[in-house]
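Just so it is clear, none of the values below were taken in a lab; they were calculated from the coordinates. On a predicted model such as this, the values are computed, not experimentally measured, just so you know. Every residue, glycine as well, gets a Cβ built from its backbone with ideal geometry; the counts of neighbours run over all protein chains shown.
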Amino acid sequence: MRTRRISTATAFAVLFSSVVLVGGVASPAAADSRVDVPVTWLSDSVLDGVHQRLFLSDRSSGKIVAIDFTGRTLATIPGLPQVTDLALSPDAATVYAAVPGADKIVAVDTATLRVTAQYPTGQGTEPSTVAYADGRLWFGHGRSWDSALGSVDLTGAEPVVALDQGAGFDWSTPPTLHTDPLAPGTLVAVDSGISSGPIVIYDITTGVPAIGLHEDKGGFVNDVDFTPDGANIIVAGRRGPSVAEYRLSDLAELRTFPGPGQGASVAVAPDGTVATGTADWFEDPDLYVYTRGSGQPGSTRNLHDTTGLAERGLHWSPDGSKLFALHDAHSGSTTPMTMLTAPRSYVTTTTASAPAKATRAKALTVSGRTSASLPLPSGTQLAVTRTDLESPKGKAIGSAKVDAKGFYTFKDTPPTGGRVTYKVAFVGDASHTKSSATASVAVSRAATTLKLNRNKSLHAYDKNVSFTATLGKTHKNRVVELWADPFGADKPKKLIKKAKVNSQGNLSATVTMKRDTTVNAVFAGDGRYAPKSVKSTAYAQVKVSTTLSRHYRTAKIGKTTYAYYSKKKNPDFTTSMTYYQGRAQKLSLEVNYRGKWYDVGQHYFPLGSNGKSIVTLEGPHETGYKMRVRSSYINGSSGDSVNSTTHGAWKYFIFTK
């Protein structure tokens, strides 16, 4: 059994804004959701992946609002008249905000969510755009044709402001500014207030901007983002190609993206997926996501019925799995935000229709449609499943094919009476989400009742649990079978009891719950009553515990016992857990900061064949912080799904000098 290693330094970096300790297997994505954030007029937004939050500037209210990835408001920073543009430092420690109403740029600490510095740019300068690169803040200032480019040099002992740094370029409006750490020495400036849409590439390696090249691209540019390699930019605007990619080295157009008539926002995921959309309230759809290269249609969604996207309002999560879409709502007290969990896929919808009643052993017809904004090819197969009393888990009965418009129809002859349900399912593909629909038919035949208890019940590991089946009225047959089917392919379904029910119609059997188990009660039927079966799935936890070692003493803080470690010692965390082949334990580490516990790392570590896992927490260790650790089995993410999620007890420790 190998000892695994994690780092306290890495864990504290999460808390104090350096890096993120990545956890184990990801959970399945939840459904898309929408929240309203307290912003009246969204002017700009930036995503801070280190702290997992978004910063939104509210121009009309003169404030910055910080929210987490669920849309929960974390802080409001007021007193920033007409605050507009935002820029995040490469280390994610600072958000810089242009505040034209106060002729200054402010710095906001992304950890404390407080203003930590102010940089006046001069009376009447009205800085309204901002970007950070190489120790300098670059900002667009002024109005109309009196607009110019300026900078604040932060590399010296005191900030130094320089105005009119545009190298002679004539701006019709303060240029929007864009930088990327992977394009060092480069400042992209765009005149978004004129139809010609000039893009200027400045060389800023010396600290004094020099025009490398510029070109008119067709105007009213609303947003710019860099490709993951920093070599190209993708531009969204209201004229020419609404969304296009240009090479930084020569501004050559590399590709355009068909879709929105007026591009409001653009965001590029780490894998190069491009998301864009329109602010036009009447354009449908309002979101396009391009995953398949130039000229291919994007996956589309109509996110909001009464508004489009906000300018500069799209952001990918750091791992590229989620997309945050802020909407254009320059009225009211809130701004809607949609959080998409599968943004790359076209959304499909399947319907199914069948007659309400039918006669057993006679054919009936089921019909419906599977549709998407990118239509499925004619002939696409849909899996058809029929569920009845003889097949309570469902039985595949073939497939149906869609025509060019997505419609399908098929016939079936139900062999069993009672409620028969047909499920029609599209399994999904690389471009489409899966979808399904059901239609139920009441098929004539006498039926009895059969019940089985304990469904969805949760039990401790190795507990003996009694399952009881209750049979209703029948003609002659009073025999019921009870079957136990433990989760896992290595444990076959087993008959645990077969007998006549008692005078109350009950039959019981005991199962030792070492795994999640499906118990089936089966009535074979007789001449007057149809066969029937029911199932009950019960869940079994695992045994799990965590022990700490290598500490020099234990003592209570309040009512909680803590293990005390010298900062020079690396603790060992030993997990003992019920073993299963390929199983891993999830180790969670938390730190108490200002009275609140914060998650600073989750990772999965494989168990040895003896059910043990030893993890060493390496230094350097921060002293004085309360920490805790626990081990968990997570169904589906710990390498198997044969038991139910079980969390061990927290173990508390602290480092001292």
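What residue among Gly62, Tyr539, Ser321 has its Cα farthest toward the positive end of the dipole of the chain, where the charges are +1 on Lys, Arg and -1 on Asp, Glu, each on the Cβ?
Of the options given, the answer is Tyr539.
For each pair in Lys543/Lys651; Lys322/Lys514; Lys322/Lys612; Lys401/Lys532; Lys567/Lys651, compute the distance between the two Cα atoms and list the pairs where it is over 26 Å.
Lys322/Lys514; Lys322/Lys612; Lys401/Lys532
Could you name the aspartates and glutamates in cross-link range of Lys500, using Cα to Cα under 15 Å and dropping any fewer than eight places away on the same chain?
Candidates past the 8-residue exclusion: Glu481, Asp526.
By how many nm would the segment from Thr554 to Ala157 grow when fully extended, if each residue of separation counts as 0.36 nm and the alpha-carbon distance is taken off?
138.1 nm
Nearest 500 deg cm²/dmol is fine: what mean residue ellipticity at 222 nm does the chain get from its DSSP H runs of n ≥ 4 alone, each adding -39,500 (n - 2.57), divided by its residue count?
When only DSSP H runs of four or more count, the value is -500 deg cm²/dmol.
Rank these for me by crowding, Arg369, Arg301, Arg247, going from fewest to most other beta carbons within 10 Å.
Neighbour counts put them in this order, fewest first: Arg247, Arg369, Arg301.
Could you give the length gained on full extension between Thr341 and Lys456, defined as 0.36 nm per residue of separation minus the Cα-Cα distance, in nm?
Working it through step by step, the gained length comes to 38.6 nm.
Computed FRET efficiency, Cβ-Cβ of Asp572 and Thr334, R0 60 Å: what is it to the nearest 0.05?
Step by step, r from the Cβ atoms, then E = 0.75.
Magnitude of the Cβ-charge dipole of the chain, K/R +1 and D/E -1, about the Cα centre, nearest 20 debye?
For the chain, the charge dipole is close to 6560 debye.
Name the long-range amide H neighbours of Gly525: under 5 Å, sequence gap of 5 or more, or other chain; modelled H, no Pro or chain starts.
Lys532
Could you work out how much longer the chain between Asp599 and Ala356 gets when fully extended? Use 0.36 nm per residue separation minus the Cα distance between them, nm to one decimal.
82.2 nm
Assuming R0 = 22 Å, what is the FRET efficiency of Ser436 and Lys498, from their Cβ-Cβ distance, to the nearest 0.05? Working shown, then result.
On the way: r = 35 Å, r/R0 = 1.60.
So the FRET efficiency works out to roughly 0.05.
Would you mind computing Rg(Cα) / (2.2 N^0.38 Å) for segment 590-654, counting N as its residues?
1.30
Select from Ala499, Trp483, Ala460 the residue farthest towards the positive end of the dipole of segment 450-540; place +1 on Cβ of Lys and Arg, -1 on Cβ of Asp and Glu, and compute about the Cα centre.
My answer, from the dipole projection, is Ala499.
What does the charge add up to near Pro184, with Lys and Arg as +1, Asp and Glu as -1, over the other residues with Cβ less than 14 Å from its Cβ?
That sum, taken over residues with Cβ under 14 Å, equals -3.
Out of residues 5 or more away from Ser373 or on other chains, whose amide H comes under 5 Å of its own, with H placed 1.01 Å from N in the peptide plane?
For Ser373, whose amide H was placed from the backbone, the distant partners under 5 Å are Val347.
With +1 on the Cβ of every Lys and Arg and -1 on the Cβ of every Asp and Glu, and nothing else charged, how large is the dipole of segment 348-444 about its Cα centre, in debye rounded to the nearest 20?
Numbers: 13 positive and 5 negative charges, 46 e Å.
So the magnitude is around 220 debye.
Say each of Val35 and Ala396 gets a label point 7 Å from the Cα, pointing the same way as Cα to Cβ; how far apart are those two points in nm?
Spacing of the two 7 Å Cα→Cβ label points: 4.1 nm.
Which order do Val424, Val629 fall in if you start with the one that has the fewest other Cβ atoms within 10 Å?
Numbers: Val424 26, Val629 22.
Lowest to highest Cβ neighbour count: Val629, Val424.
Near the amide H of Thr449, under 5 Å away, which other amide H atoms are found, from residues 5 or more places off or on another chain, if H is placed in the peptide plane?
For Thr449, whose amide H was placed from the backbone, the distant partners under 5 Å are Gly472, Lys473.
What are the ³J(HN,Hα) couplings of segment 442-452, residue after residue, when phi is run through the Karplus curve with 6.51, -1.76, 1.60 and θ = phi - 60°? Round to Hz, x for glycine and proline.
8, 9, 5, 3, 5, 9, 9, 9, 8, 10, 9
What FRET efficiency do you get for Arg478 and Thr518 if R0 is 30 Å and r is their Cβ-Cβ distance, rounded to the nearest 0.05?
0.80
Of Trp138, Trp171, how do they rank once you tally other Cβ atoms within 10 Å and put the fewest first? Mind dumping the intermediate values first?
Details: Trp138 26, Trp171 23.
Lowest count first: Trp171, Trp138.
Kindly write out, for segment 622-638 in residue order, the coupling ³J(HN,Hα) from the Karplus curve 6.51 cos²θ - 1.76 cosθ + 1.60 (θ = phi - 60°), rounded to whole Hz, with x marking Gly and Pro.
Here the 3J(HN,Hα) series is 7, 8, x, 9, 6, 10, 8, 9, 8, 10, 9, 9, 10, 4, x, 9, 8 Hz.
Using θ = phi - 60° and the Karplus relation 6.51 cos²θ - 1.76 cosθ + 1.60, list the HN-Hα couplings for segment 364-376 in order, rounded to whole Hz, with x at every Gly or Pro.
9, 10, 10, 9, x, 8, 10, 10, 7, 5, 9, x, 6
Between Thr421 and Thr409, with labels modelled 7 Å along Cα→Cβ, what's the label distance in nm to one decimal, could you check?
2.6 nm
Find, among the chymotrypsin sites (Phe, Trp or Tyr not before Pro) in segment 533-570, those assigned to loop by DSSP (not H, G, I, E, B) with at most 13 other beta-carbon atoms within 10 angstrom. Intermediate results must be reported in sequence, preceding the final value.
Working: sites: Tyr539, Tyr552, Tyr562, Tyr564, Tyr565; in loops: Tyr552.
Sparse-neighbourhood loop chymotrypsin sites (Phe, Trp or Tyr not before Pro): Tyr552.
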